[in-house]
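Quick notes on the structure that follows.
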Amino acid sequence: MKSAAHPALFTGGACRGLPAAQVVLAVEVVSTSTTMQDRMVKPLMYAEAGIPNYWGIEINSFKGRLPGEGLPVLFAYIRGDDGEYQLTHRVAAGTAATLHSPFEFTVDPATLMR
């Protein structure tokens, strides 16, 4: 599915944001009040804007959560040659993982909620 990225989100104009070319990582904490927008709409907009890395953080229980998987869960994606995000890491709370893009970063998602 393709969507048009809203320029106000990615320009210094309307009161928020930066030019997309200056953004190397977008991080989204999925909220209960905006779940669909956070999971579906925003990642498409970020990808279309050319942002090369996207991390989604699930802080509430979600469909597809694995048995025993602690919250929060970090999903790390890299934008592929086709312009869509490809999952590179799925990291549950209590597990440390080293991500390498856009920079090397070791994280246990449990530490994000302190």
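See the values below:
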| item | result |
| --- | --- |
| Where a residue in the range 46-57 is more than 22 Å from Thr106 (Cβ to Cβ) and its partner, wherever it lies, is among the aromatic types (Phe, Trp, Tyr) and not in a loop (DSSP other than H, G, I, E, B), with Cβ under 6 Å and at least six apart | Tyr46/Tyr54; Ala47/Tyr85; Ala49/Phe10 |
| Every residue from the range 72-91 that is more than 16 Å from Ala49 (Cβ to Cβ) and either touching a residue at least 60 places away in the same chain (Cβ under 8 Å) or hydrophobic (A, V, I, L, M, F, W, C) (or both) | Val73, Leu74, Phe75, Ala76, Leu87, Val91 |
| Near pairs, Cβ below 6 angstrom, 6+ apart or cross-chain, from the range 17-36 (within 20 Å of Glu48 (Cβ to Cβ)) to any residue that is of a type in the set (Gly, Ala, Ser) | Ala20/Ala49; Ala20/Gly50; Glu28/Gly56 |
| Subset of the range 15-67 that is open to solvent by 70 Å² or more (accessible area, probe 1.4 Å) and of a type in the set (A, V, I, L, M) - its residue that is farthest from Glu84 (Cα to Cα) | Leu66 |
| Candidate set from the range 88-114 (those that are charged (D, E, K, R), at pLDDT 95 or above and open to solvent by 60 Å² or more (accessible area, probe 1.4 Å)); member that is nearest to Ala76 (Cα to Cα) | Arg90 |
| Residue list for the range 73-83, restricted to those being on the phi < 0 side of the Ramachandran plot and surrounded by fewer than 19 Cβ atoms within 10 Å (Cβ to Cβ) | Ile78, Gly80, Asp81, Asp82 |
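The values are calculated or read from the model by the stated rules, or taken from the named source; none is laboratory data. Since this is a predicted model, take the numbers as computed values, not measurements. Cβ sites come from the backbone with ideal geometry, for glycine too, and all protein chains shown count toward neighbours. Side chains are part of the model used for accessible areas, which takes the heavy atoms of the whole protein and leaves out ligands, DNA and RNA. Shrake-Rupley method; radii C 1.70, N 1.55, O 1.52, S 1.80 Å.
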